[in-house]
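> I'd like to ask some things about the structure below.
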Amino acid sequence: MGSIWDGLDPEAYDRTYPDSVLIRRIVGYFGRHGRAMIVIGLSVMLASVSATAAPIVVSRGLDLLVHDPRVPLALVLALAVGTVGSVGWIFNYVKQILGYRVIGDVVLRLREDACAAVLQRDMSFYDEFPSGKIVSRVTSDTQDFATVVTLTMDLIGQLLLVVVVTVALVAINLELALLTIATTPLVVIVALTFRHVARWATRNSQRATANVNAVIQETIAGIGVAKSFRQEGTIYGDFRVTNGETYAVRLKQGIIFASIFPALGVITAIGTGTVVYFGAQRVLGHAMSVGDWYLFVQSLNFFYMPMASISSFWSQFQQGLAASERVFALIDAEPVVIQTAAEPVAEIAGRVTFDHLRFSYVEGQPVLPDFSLDVRPGETVALVGHTGAGKSSIVKLILRFYEFQGGRILVDGRDLRRLDLAEFRRHVGLVPQSPYLFSGTVADNIRYARPDASDAEVHAVAAHLAEDWVADLPEGLETDVGERGSRLSAGQRQLVALARVLLKDPAILILDEATASIDPLTEAQIQEGLDVVMAGRTSLVVAHRLSTIVAADRIVVLRDGSIIEEGSHEGLLAGGGHYAELYNTYFRHQSLSYKPWEADGAAVIASAG
């Protein structure tokens, strides 16, 4: 059986930051709250002074009562202690209110920075790392970050209290004060020793939580597949294993954290007992008054309790630092796609040139070993080939979803790596095989391409795409699409995606198997609209439909990332090469003139294969 720590390895982009670096970055988020932090600091200081004032008042009262035991003096002492306590409560209230506001704003900004970083990551980042773990960093870890801030404020208050109490102890009796302070190094040593174990345990605990989040997200995303194959029990079993591992890891973390208190308790008990004994001897020998002895004993609580709290806070502090470390690692993750410049892109004619392009997802496994292709402005090029030939990779590289390792991609003769990427993507429209729809109406999803588009423009684009599809929707364009478009058919989702691209009006159109999952009736609906959309635009089509291929100006046949044939549909068929083989195997049955009973034996065998 493996260790419970198995499977909790850091992500490739994780980093280890020194505490000083983490604290400096955390402090940087408080820059805009300077005045509030000053008020909080003063409140912490005055609250600490108020906390030590009550024992002093009682101590002096005890000395007075010993010489003159009058009741009115006791009432005055009670009122004085109550007043001091009320003042301390007010200062603590101010600290808490301002503190929560500042912390809320800081966590808000950190979460915004983390989300902005997530949006800036390349597509390869999401291929490599589970989305559930990324979500965990943006949500759970940023919340744990708030713990750091809260504990830091408490830590400052505790330190101030220790300083005030130390001064008071020295003023009361120097010898006993030195005896008390002598135990401090033991507390510090225990805390520093515990720090490394706490950080290690906390990192693993947060990674375990991220694993649970990843499993839950994947389960919900694929719940339809799970139900169709009746695998709910298997999924639940996998979740129980992951959840059980997380429980074990967090239990170990709790045990480690809880072990600090017994160790500190032994130290403080020895120190308290020693001071009480020697202090009592001094009182009996009349070297110390009863009031001073009482004040000293009470001050021990104000000294040892903050010291113990500081040490226990340190473990929680490490939890917050570990969380901030994971968030900062996400923010600092190095991009893979790097633009060498940000040249403006006002207009695009649409010429796309691949110049000896080399690309691989995994080092040593080339997808495009040496790819060259020139697509003229307004030309429609269909990319065909077996699965794994590199068709989808080519179109994704145009959008700079991934970084290529060699060669160039030129747009109107300009190196794609030198263009302003955001401006360039405004001129490119992508319709994938499985379009993603956001929660909202059909109109909302079409307008996603241009949020400022009017209702009339949205209706015009939808009507232009296909004649009757809007009328088939229950509430027209105001139909709620459901989560990820679950209330629409596959064909309707594709039509919404096409309408969205039409509204964008791009110079370069990319159809990545956009009609592969559409039934023949829906295909006939949108084919006429596609012809209109593609007219006058540079179009790259990854095609599995004969109708889309035949309509192309040029067909490029790929094998293992290289072009082996190109030409028109008729010319390639007449050549009898690889395209003719693909046609007989995959496309021929889509032709209206195809009669299976007239197919020759070779075609039938090829189709069956």
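The values are calculated or read from the model by the stated rules, or taken from the named source; none is laboratory data. Computed from a prediction, not measured in an experiment: that's the story for all the values here. Reconstructed Cβ throughout: ideal geometry from the backbone, glycine too, with neighbour counts over all protein chains shown. Side chains are part of the model used for accessible areas, which takes the heavy atoms of the whole protein and leaves out ligands, DNA and RNA. Shrake-Rupley method; radii C 1.70, N 1.55, O 1.52, S 1.80 Å.
> Among the residues of segment 377-387, is there at least one that is open to solvent by 30 Å² or more (accessible area, probe 1.4 Å) and within 21 Å of G561 (Cα to Cα)?
yes
> When only residues in segment 434-447 that are buried (at least 17 other Cβ atoms within 10 Å of the Cβ) and under 28 Å from K396 (Cβ atoms) count, which is modelled with the lowest pLDDT?
P435
> Go through segment 531-551 and count every residue that is part of a loop (DSSP other than H, G, I, E, B) and either at pLDDT below 85 or crowded, with 24+ Cβ neighbours inside 10 Å (or both). Outline the logic, then answer.
Keep residues of segment 531-551 that are part of a loop (DSSP other than H, G, I, E, B), which gives 535-537, 543-545, 551.
Checking which are either at pLDDT below 85 or crowded, with 24+ Cβ neighbours inside 10 Å (or both) leaves us with 535-536, 543-545, 551.
Summing the residues that are part of a loop (DSSP other than H, G, I, E, B) and either at pLDDT below 85 or crowded, with 24+ Cβ neighbours inside 10 Å (or both) in segment 531-551 gives 6.
> Let me ask you something else. Within segment 230-240, identify whether any single residue is modelled with pLDDT of 75 or more and farther than 30 Å from R487 by Cβ, and answer yes or no.
Looking for residues that are modelled with pLDDT of 75 or more and farther than 30 Å from R487 by Cβ, one finds at least one in segment 230-240, hence yes.
> Condition check: open to solvent by 10 Å² or more (accessible area, probe 1.4 Å) and free of Cβ contacts under 8 Å to residues at least 60 places away in the same chain. Does R418 satisfy that?
no
> (1) farther than 27 Å from R32 by Cα; (2) among the hydroxyl-bearing types (S, T, Y); (3) surrounded by fewer than 16 Cβ atoms within 10 Å (Cβ to Cβ): which one isn't true of T183, the others all being true?
(3)
> Something else about it: Report yes if some residue within segment 434-443 is within 26 Å of the chain's Cα centre (by Cα) and under 13 Å from L503 (Cα atoms); otherwise report no. Walk me through it before giving the result.
Within segment 434-443, the first condition is being within 26 Å of the chain's Cα centre (by Cα), and the residues that meet it are 434-440.
Subset that is under 13 Å from L503 (Cα atoms): none.
Within segment 434-443 (the criterion being within 26 Å of the chain's Cα centre (by Cα) and under 13 Å from L503 (Cα atoms)), the answer is no, since none of the residues qualifies.
> Oh, and also: Spot the failing condition for R487; the list is (1) at pLDDT below 90; (2) out of contact with any helix residue (DSSP H, G or I) (no Cβ under 8 Å at 6 or more places or on another chain); (3) within 30 Å of V384 (Cβ to Cβ), and only one is missed.
Answer for R487: the failing condition is (3).
> Now a separate question. Has segment 143-165 got at least one residue that is open to solvent by 60 Å² or more (accessible area, probe 1.4 Å) and more than 22 Å from G28 (Cβ to Cβ)?
Initially, segment 143-165 is screened for residues open to solvent by 60 Å² or more (accessible area, probe 1.4 Å), giving 143, 156, 159, 163.
Filter once more, so that each one left must be more than 22 Å from G28 (Cβ to Cβ): 163.
Within segment 143-165 (the criterion being open to solvent by 60 Å² or more (accessible area, probe 1.4 Å) and more than 22 Å from G28 (Cβ to Cβ)), the answer is yes, since at least one residue qualifies.
> Then there is this: Being modelled with pLDDT under 85 and under 17 Å from A449 (Cβ atoms) is the filter; apply it to segment 503-525 and report the residue that is farthest from the chain's Cα centre (by Cα). Give the steps one after another, and end with the answer.
The first filter runs over segment 503-525 and keeps only residues modelled with pLDDT under 85, leaving 512-525.
From what is left, the residues that are under 17 Å from A449 (Cβ atoms) are 512, 514.
Numbers: D512: 28, A514: 30 Å.
By that ranking, first place goes to A514.
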